[in-house]
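Since the structure comes first, as structure tokens, the remarks are kept for the end.
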Amino acid sequence: MKVTDRAYALELDKNDPLAPYRSKFVITDPNLCYLDGNSLGRLPHATVKAVSDFVSHEWGNEVVTGWSHWIDEAQVAGDLLGRAALGAAAGQVLVCDTTSVNFYQLCLAAIKARPGRKTVITDAANFPTDRYILAGIAEQLGLNLVIIDNEDPVVAENELITAELLEKYMSEDVALVTLEVIQYRSGARSDIESITDLARSYGAFVLWDASHATGAIEMNFDEHGVDLAIGCTYKYGNSGPGSPAWLYVSKRVQKELQVPIQGWFGNEDQFGMGPEFEKAKGIRGFQIASPSIIGIRGVQIAFEMIAEAGIDVIASKAAIGTQMMIDLYDEWLAPLGYTLLTSRNPKERGGHISIGHPDAAKICVALRKFANVIPDFRTPSAIRLAISPLPTSYVEVWDGFRRIRDLTESRQYQEIEGSDSRVT
Ligand SMILES: Nc1ccccc1C(=O)C[C@H](N)C(=O)O
């Protein structure tokens, strides 16, 4: 059967062990091709009940007495998320705050733990929040910020940072290297183990931003010797807009590291309320303050689902789905002037691919307006298209691709003048 036959996608759905999960999500428009689960995941039905039960039965009924069992939920949810999606044993993950706050906390902790070292490294294609925060830290502490120019195709293919490329920038002066596990724009997947090993051989820390990988691929943090990582939960994690993020600090380095925001949740004798901060043993020493319990309930529901489905099964659907996308791109989109910005090697990508087109911005608006397809646009000319393995069916992706072909052929996107949204 040819990939261009719709029956090809229907057959994949028929054999998909994850197919039953689609019905566990709120899908109000069955005709919509939602290819943006890498930006904001769909809402699980169970979350509607869990959040509403929390509000009325727990908050409403228990009021302050509820804290006796809410107090450690950042750790309980962290253990679940670590087991379900990160390959992390218990006691190393917290579900708390935002990706940006967690990033700031762990960057500073790592830099402080390498006194005398003055260099920090990241890459030009990294997500803006990471680049901006790191630049702010470098300025404040007078550090030398090295930005690998992986947007230049001569330097890197599809923005991919390899250990070989990174080695050219390494020295005994490097305190911290921070990279994305999966690049937000191109979808390039870094090799966690070789990069972590390389940085460690120079005595430097690596802080991984796994926002675009969490819930889409296997990461095996413990096995790969990862020390520091952060990420969000609202993409393939399906935990809701602005849901709490997570941080991971390996047991190996928990004692050595100290975060800059010394909040009361990180104090050993939290309710002793003494004059000085004494960092709590274990992962709680990295927590700032009261976690959003409503938010955590969304994380719990979604990551229980990921744990049940199996991250290995999820990752294999992401690989098959992105392969189907690339095959459809070859048949339908390459002839229409698109370029492929993501690797053809399934080990070098996650749940999304990225395609380039000079009119990408207009095409993205037109797809929503005329074709009932939601992709997203990333500057300067990338269209990102994702399969979120639990809620997305193969045929939803296939239909989306056919609509992209038809809309591009019709040139109807040229009617688009601009976008009235601040969000792309
Ligand atoms: N938090 C958001 C709020 C508004 C609009 C987008 C986001 C995103 O998270 C974008 C994401 N980092 C992305 O590259 O897909």
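Our summary gives region 143-211 a relative contact order of 33 percent, counting only alpha carbon pairs under 8 angstrom and 6 or more residues apart. Arranged from fewest to most other beta-carbon atoms within 10 Å of their beta carbon, LYS168, LYS49 become LYS168, LYS49.
In the frame of its principal axes, region 71-309 has Cα extents of 53, 44, 29 Å, reported largest first.
Each residue of region 4-11 is assigned a 3J(HN,Hα), and the resulting list reads 7, 8, 4, 4, 4, 5, 4, 5 Hz, derived from the Karplus form 6.51 cos²θ - 1.76 cosθ + 1.60 (θ = phi - 60°), x at Gly and Pro.
DSSP bridge analysis restricted to the chain gives an antiparallel fraction near 55%, rounded to the nearest 5. If you take the Cα centroid of region 27-69 and the Cα centroid of region 322-378, the two points sit 31 Å apart. For the chain, modelled as a GNM whose springs connect Cα atoms under 10 angstrom apart, the maximal fluctuation among ASP53, ASP13, ASP209 occurs at ASP53. In the chain the Cα-Cα distances spread across 10 Å bins starting at 0 as 5, 22, 30, 25, 14, 4, 0, 0 percent of all pairs. The residue list LEU12, TYR184, LEU80 was ranked by how far each Cα lies along the charge dipole of the chain toward its positive end, using unit charges on Cβ atoms, and LEU12 comes out on top. Counting only DSSP H runs of at least 4 residues, each contributing -39500 (n - 2.57), and dividing by the residue count of the chain, the helix-based mean residue ellipticity at 222 nm comes to -10000 deg cm²/dmol. Report, in whole Å, the centroid distance computed from the Cα atoms of region 182-199 and region 228-264. Centre-to-centre distance over Cα atoms comes out at 18 Å.
Taking amide hydrogens as placed 1.01 Å from N in the peptide plane, the amide H of GLY240 sits under 5 Å from those of GLY41, each at least 5 positions away in sequence or on another chain.
Each of ASP149, ASP173 was scored by other Cβ atoms within 10 Å of its Cβ. Arranged with the fewest first, they read ASP149, ASP173.
Neighbour counts of other Cβ atoms within 10 Å put LEU247, LEU80 in the fewest-to-most order LEU80, LEU247. Per residue, the average separation of C-alpha pairs within less than 8 Å and at least 6 apart gives the chain a relative contact order of 23 percent. Every pair of different Cα atoms in region 49-121 enters the Kirkwood calculation, which places the hydrodynamic radius at 15.1 Å.
With the convex hull of its Cα atoms as the shape, region 258-398 has an orientation-averaged projected area of 12.6 nm². Count Lys and Arg as plus one, Asp and Glu as minus one, and take only other residues whose Cβ is under 12 Å from that of GLY282; the net charge is then +2.
FYI, it's all coordinate maths here, none of it is from the lab. What you see is a predicted model; the values in this text were computed from it and never measured. All Cβ positions, even for glycine, are placed from backbone atoms using ideal geometry, and neighbour counts span all protein chains on display.
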